[in-house]
Amino acid sequence: MALDRDVRTPLRRQLEIAIRDAIRTGRLRPGVRLPSSRDLARGLGVSRGVVVDAYDALGAQGFLVLRDRAVPLVAPSGGMPAVAREVEEPVVPSCIFDFTATTPDVSLFGRRAWLRAFEQALRAAPDADLDYGDPRGALDARRVLADYLGRVRGVVASPAAITVVQGFSQAIDIGFRLLAASGARRVGFEDPSLDEQWETARRAGLQPVPIPVDMDGIRVDELRAIDPDAVVVTPAHQFPTGSVLAPARRRALLDWAADRGALVIEDDYDAEFRYDRTPVGTLQGLDPAHVLYVGTVSKTLAPSLRLGWTVVPPRLRDRFVEGKLYADGGSPTLDQLALAHLFTSGAYEQEVRRARAVYRKRRDTLLDALGSSLPECRVVGIAAGLHVLLRLPPGSDEAAVVAAAEGRRLRVRALGDFRLGDASFDAALVLGYARLSQPAIAPAVRELAAAVSAAS
Ligand SMILES: Cc1ncc(COP(=O)(O)O)c(C=O)c1O
């Protein structure tokens, strides 16, 4: 804010105009705290009275809120209704019952455990850990991850093979770019699969191609016929059908990858949440040379941490690490060290056990409620994860059901939303239960049943 001492306009008036312009043009946003009159006067080299007068004038005009013994604030309306301000973030219509399938219940996040782990990490970290680090991530974190993944998921990994990433999203972004740069053109996705991931492929210059899925997981015969350069799979719990990749298919998938020299990207996104069956091992453990394994804390802890890990086949490792380096220089070290503390103290598994018990109860309540309110619908994919697939009665129009559900302020998505190709699926809804509190489940399902019947 420059004041001009060579013009005739008094300094207090110049200051008033300058602040008002800043408010009008949106540089000073509603609610922003201005400096105290003493600080601003010192900064501008003027007497305090100049600033007090300018603030008083702006207060009288409604641009500032003046408060006793506190700094002034820019008025909530920005001073005038006509102020040109950016349109604020779009208002998402609120829903009463949220069946979102892709997010956990973030209110379960163990804040205290994380704080404790973070504090321990910060106390123990040498100054060198505050510097730029290895783009693969902190060695301590990679060591702990290698131990955990081997013990719990049957992943074959040394710390050198691991790169810590910002979730599955970044893992595929780096992986796809690397594939495209080495001449790959097409990447296969299970059809149906998570729609956001297809765009990541397109942006990297790859064409996403649909590979059909049935209740035994991805159709490897079709994969062989379509023969993309790489394929993304969710073998432990297919998203969104909930199927598990059958043992014969697992072998066939890895045979295809070996014959073709193709890459299998294994999304182990909700491996920790299984309820009724023994854990399924990873593909990576069977063929580390052809599988790029990816895990994430987005379901177990919170998506906002943006923490995940990859185990990259040796032939791609250097290029993957280079991709990570140029993407962001490495994931935040202190968060990785906090995660390492969470693992070594046993708190991570404790948190997962606690969340698993909550989700299991919610799933059981959901199944009971669906059984009584929608007995004509079959529910599949119930053994693991945070969602189920609800098959609608034959002849149902799933888009009409979703529209009727939205009218009742339910948030729910149709299976068709996750269709990549032009195959037709039987009408179904993808029902997440993580975001419904226990007492909300029965009323939510009654509303859903009303939407199904209104749409039929
Ligand atoms: C199928 C699937 N994979 C992976 C993820 C996790 O992505 P990220 O680790 O980038 O949060 C999700 C979360 O919604 C998911 O639904």
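The values are calculated or read from the model by the stated rules, or taken from the named source; none is laboratory data. Being a predicted model, the structure only gives us computed values, none of them experimental. Cβ placement follows ideal geometry from the backbone for every residue including glycine, while neighbour counts extend to all protein chains displayed. Accessible surface areas use protein heavy atoms only, side chains included; no ligands, DNA or RNA. Shrake-Rupley method; radii C 1.70, N 1.55, O 1.52, S 1.80 Å.
Structural remarks
- Search result, residues across the stretch 217-230 that are open to solvent by 40 Å² or more (accessible area, probe 1.4 Å) and either modelled with pLDDT under 95 or assigned to a strand (DSSP E or B) (or both): none
- Residues that are among the aliphatic types (A, V, I, L, M), outside any strand (DSSP E or B) and closer than 25 Å to Ser107 by Cβ do not occur anywhere in the stretch 308-331.
- Condition met for Val156 (in contact with a Pro (Cβ under 7 Å, 6 or more places away or on another chain) and either part of a loop (DSSP other than H, G, I, E, B) or of a type in the set (Ser, Thr, Tyr) (or both)): yes
- Failed condition for Arg274, given (1) farther than 30 Å from Arg378 by Cβ; (2) within 16 Å of the ligand (Cβ to nearest atom): (1)
- Scanning the stretch 112-153 for residues that are modelled with pLDDT under 95 and open to solvent by 80 Å² or more (accessible area, probe 1.4 Å) gives a single hit, Arg151.
- Within the stretch 43-68, restricting attention to residues that are among the aliphatic types (A, V, I, L, M) and more than 48 Å from the chain's Cα centre (by Cα), the residue that is farthest from Pro10 (Cα to Cα) is Val46.
- Any hit, the stretch 320-342, residues being open to solvent by 10 Å² or more (accessible area, probe 1.4 Å), modelled with pLDDT under 95 and either within 16 Å of the ligand (Cβ to nearest atom) or in contact with a strand residue (DSSP E or B) (Cβ under 8 Å, 6 or more places away or on another chain) (or both): no
- Which numbered condition Arg249 fails, given (1) more than 16 Å from the ligand (Cβ to nearest atom); (2) open to solvent by 40 Å² or more (accessible area, probe 1.4 Å); (3) within 13 Å of Arg186 (Cβ to Cβ); (4) in contact (Cβ under 8 Å) with a residue 24 or more places away in the chain: (3)
- Scanning the stretch 374-386 for residues that are surrounded by 15 or more Cβ atoms within 10 Å (Cβ to Cβ) and out of contact with any Asp or Glu (no Cβ under 9 Å at 6 or more places or on another chain), we see that the one that is modelled with the lowest pLDDT is Gly381.
- Residues being buried (at least 20 other Cβ atoms within 10 Å of the Cβ), within 13 Å of the ligand (Cβ to nearest atom) and within 23 Å of Asp328 (Cα to Cα) - total across the stretch 167-212: 11
- Among the residues of the stretch 293-309, those identified as hydroxyl-bearing (Ser, Thr, Tyr) and within 11 Å of the ligand (Cβ to nearest atom) are Thr296, Ser298, Thr300, Ser304.
- Test: residue in the stretch 404-427 that is more than 25 Å from the chain's Cα centre (by Cα), outside the structural domain of Gln238 (by TED's automatic domain parsing), open to solvent by less than 70 Å² (accessible area, probe 1.4 Å) and under 22 Å from Leu108 (Cα atoms): no
- Exactly one residue among Leu305, Leu286 is in contact with a helix residue (DSSP H, G or I) (Cβ under 9 Å, 6 or more places away or on another chain), open to solvent by 10 Å² or more (accessible area, probe 1.4 Å), over 28 Å from Asp229 (Cα atoms) and of a type outside the set (Asp, Glu), and that residue is Leu305.
- Taking helices (runs of 4 or more DSSP H) as the structural unit, those lying wholly within the stretch 339-456 and holding at least 3 residues that are of a type outside the set (Val, Ile, Thr) and in contact with a Gly (Cβ under 9 Å, 6 or more places away or on another chain) correspond to 347-373.
- Failed item, numbered, when Val164 is tested on (1) in a helix (DSSP H, G or I); (2) within 14 Å of the ligand (Cβ to nearest atom); (3) more than 21 Å from Leu415 (Cα to Cα): (1)
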